[in-house]
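The values are calculated or read from the model by the stated rules, or taken from the named source; none is laboratory data. Quick caveat, the model's predicted, so the values are computed rather than measured. All Cβ positions, even for glycine, are placed from backbone atoms using ideal geometry, and neighbour counts span all protein chains on display. Protein only, heavy atoms only, side chains kept; ligands, DNA and RNA dropped before computing areas. Shrake-Rupley method; radii C 1.70, N 1.55, O 1.52, S 1.80 Å.
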Amino acid sequence: CLLVSDIDNSGDEKNLKVVTGNFKGILRIFAPRQRGFRAADLRLEKDLGEPILQIAAGQFISSTAETALAVLHPRRLVVYSVRATAGGFTQKQTKDDVFYSLDQMYVHRLTRTACNMCWGAFGGQRAGGLSGPKGDSICVQSM
């Protein structure tokens, strides 16, 4: 799976992050700064312990308008908040010293094996209710 988004909510649309997931369950977040791959571009690598079928970015948390990461596994849908953390111990912090952590916000256990998902503001609805913030909903298709 591949996703390009401002997943850490930095507000810098010129520095989008690349998120990948695979069937081995490895989730990676890259923050490329120039052409070609550098080891410093990898900001997070986490083994989620089960195959990743699909990933998505959207406003999936009803209490905030921030972008969240949805990860679809065969029997679970997990929504994470991605947070930037300082990674270096030097006096001068640079963009290369920022790494990411995942905070699990919620999990939906699925009774059937998932196939794929789609997301958005279906019908212009507000996920947070009539007075809540606008949000996205997720629809999971099972096999």
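Among the residues in the stretch 80-91, are any under 12 Å from the mean Cα position of the chain (by Cα), part of a loop (DSSP other than H, G, I, E, B) and either modelled with pLDDT of 95 or more or within 24 Å of Phe122 (Cα to Cα) (or both)?
In the first step, residues of the stretch 80-91 are kept if they are under 12 Å from the mean Cα position of the chain (by Cα); the result is 80-83.
Subset that is part of a loop (DSSP other than H, G, I, E, B): none.
Within the stretch 80-91, not a single residue is under 12 Å from the mean Cα position of the chain (by Cα), part of a loop (DSSP other than H, G, I, E, B) and either modelled with pLDDT of 95 or more or within 24 Å of Phe122 (Cα to Cα) (or both).
Across the stretch 40-62, which residue is least open to solvent (accessible area, probe 1.4 Å) among those that are in a loop (DSSP other than H, G, I, E, B) and over 11 Å from Tyr106 (Cβ atoms)?
First, pick out the residues of the stretch 40-62 that are in a loop (DSSP other than H, G, I, E, B): 48-53, 59-62.
Retained after the next criterion (residues that are over 11 Å from Tyr106 (Cβ atoms)): 48-53, 59.
Details: Leu48: 26, Gly49: 66, Glu50: 46, Pro51: 49, Ile52: 1, Leu53: 48, Gln59: 59 Å².
That would be Ile52.
Between residues in the stretch 30-42 that are over 18 Å from Ala84 (Cβ atoms) and residues that are in a loop (DSSP other than H, G, I, E, B), which pairs lie under 9 Å by C-beta distance while being six or more apart or on different chains?
Arg38/Pro32
What are the residue pairs meeting all of these: first residue in the stretch 106-117, first residue at positive phi and part of a strand (DSSP E or B), second residue surrounded by 11 or more Cβ atoms within 10 Å (Cβ to Cβ) and hydrophobic (A, V, I, L, M, F, W, C), Cβ atoms under 9 Å, and 6 or more apart or on different chains?
Between residues of the stretch 106-117 that are at positive phi and part of a strand (DSSP E or B) and residues that are surrounded by 11 or more Cβ atoms within 10 Å (Cβ to Cβ) and hydrophobic (A, V, I, L, M, F, W, C), there is no close pair.
Taking into account only those residues within the stretch 4-23 that are among the small types (Gly, Ala, Ser) and open to solvent by 50 Å² or more (accessible area, probe 1.4 Å), which is nearest to the chain's Cα centre (by Cα)?
Going through the stretch 4-23, the residues among the small types (Gly, Ala, Ser) turn out to be 5, 10-11, 21.
Within this subset, residues satisfying the condition of being open to solvent by 50 Å² or more (accessible area, probe 1.4 Å) are 10-11.
Values: Ser10: 13, Gly11: 15 Å.
Once the filter is applied, the top-ranked residue is Ser10.
If you go through the stretch 30-71, how many residues are at pLDDT 95 or above and more than 15 Å from the chain's Cα centre (by Cα)?
Matching residues across the stretch 30-71 total 3.
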